[in-house]
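Enquirer: Would you mind keeping the following structure in view while I ask a few things?
The values are calculated or read from the model by the stated rules, or taken from the named source; none is laboratory data. Computed from a predicted structure; not experimentally measured. So basically every Cβ, Gly included, is an ideal-geometry build from the backbone, and we count neighbours across all protein chains shown.
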Amino acid sequence: MFAMAGCADRLDGHRYGTVEPRPAGTDASEILPFGAPSPANDSNPLDLLIVREHYALSYNDSRGTPNWVAWFTTRDDLGDKRERPQFQPDPLLPAGITPVTYSDYSGSGYDRGHMLPSADRLADTRRNEDTFYMTNVVPQTPALNQHPWNDLENYARSLARRGAVIYTIAGPYGEAARLKRRVTVPTNCWKIVVVLRSRDSSIDRNTRVIAVDMPNETDIENVDWKRYLTTVKRIEERTGLRFFDKLPGDVQEAVKNRPDGGGRGPM
């Protein structure tokens, strides 16, 4: 049973009543070939599945943030800097959900921290704009968002530029504060980066998997992102999510319990 750590709200959606579903953009299995981290669907406001052609996420209306966001990044997705779009409410949110807006973060001191980074989609204007929907955003301290979190993003893109296909799942957990009684400030942000040879590759026992769990704190500007390395298993324990459940059991065991550096995959 999926249950977000640090969030007391139930995931069965009962306290919200009926939510009118709205069609998503594509087949979720294309974005989640190794399994979904939670049983997200289009009618549960605490685990609401939103799917676009190039990323998928589970949105939590109680928290005002995603539970998780998943996407692929290749060399073809990257590009030069472009004009920065405005953050926008997500038009795929169904009736009954109050969208988080740009102003919900105003004056808080927290960055509007992308899960799927804008820089992972610079090759295409529309896809880049898609990363600025508020369902893809989490309150992050500038020290986290602009430093170790950003450094890992840059490292993952460097692997994509060298020809790897990067599969990423990221999200928050815990509750440190609330912005305008609406948006949960997480205590931590986690990320799982899978380094593949191609979009059609599967994960095997030797695939390189990088897992990090970073505190959403100040004064971590100079901390190397590698200091926050952990295992997929520990992220599962802290979030209540489950990763890679479509893989064979022995493969899951290998990649979930091994810290980065144990694989013999590309890069």
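Enquirer: Given the conditions (1) closer than 27 Å to S29 by Cβ; (2) surrounded by fewer than 20 Cβ atoms within 10 Å (Cβ to Cβ), and given that S158 satisfies all but one, which numbered condition is not satisfied?
Expert: (1)
Enquirer: Please specify each residue of segment 89-135 satisfying the condition of being more than 17 Å from L49 (Cβ to Cβ) and of a type in the set (S, T, Y).
Expert: Answer for segment 89-135, where residues must be more than 17 Å from L49 (Cβ to Cβ) and of a type in the set (S, T, Y): T98, T101, Y102, S103, Y105, S106, S108, Y110, S118, T125, T131.
Enquirer: Sticking with this structure for a sec: Within segment 186-208, which residues are more than 15 Å from the chain's Cα centre (by Cα) and hydrophobic (A, V, I, L, M, F, W, C)?
Expert: Those that are more than 15 Å from the chain's Cα centre (by Cα) and hydrophobic (A, V, I, L, M, F, W, C): V195, L196, I203.
Enquirer: Report the residue count in segment 112-143 for those that are under 19 Å from P99 (Cα atoms), of a type in the set (V, I, T) and either at pLDDT below 95 or outside any helix (DSSP H, G or I) (or both).
Expert: Residues in segment 112-143 being under 19 Å from P99 (Cα atoms), of a type in the set (V, I, T) and either at pLDDT below 95 or outside any helix (DSSP H, G or I) (or both): 3 in total.
Enquirer: Let me ask you something else. When segment 145-163 is examined, which residues are found to be assigned to a helix (DSSP H, G or I) and charged (D, E, K, R)?
Expert: Within segment 145-163, D151, E153, R157, R161 qualify.
Enquirer: Could I ask something else about it? Does at least one position in segment 140-152 carry a residue that is under 13 Å from the mean Cα position of the chain (by Cα), under 20 Å from H54 (Cα atoms) and not polar (S, T, N, Q)?
Expert: No - not one qualifying residue is present in segment 140-152.
Enquirer: Here are E129, E153: which of them is crowded, with 20+ Cβ neighbours inside 10 Å, in contact with a strand residue (DSSP E or B) (Cβ under 9 Å, 6 or more places away or on another chain) and among the acidic types (D, E)?
Expert: Matching residue, one of E129, E153: E153.
Enquirer: Please work out which one of (1) under 22 Å from R112 (Cβ atoms); (2) buried (at least 18 other Cβ atoms within 10 Å of the Cβ); (3) of a type in the set (V, I, T) is the condition V255 fails and give its number.
Expert: (1)
Enquirer: Does any residue of segment 174-181 turn out to be crowded, with 23+ Cβ neighbours inside 10 Å and at pLDDT 95 or above? Please lay out each step first, then the result.
Expert: Quick first cut of segment 174-181, residues crowded, with 23+ Cβ neighbours inside 10 Å only: none.
Taking every residue of segment 174-181 in turn, none turns out to be crowded, with 23+ Cβ neighbours inside 10 Å and at pLDDT 95 or above.
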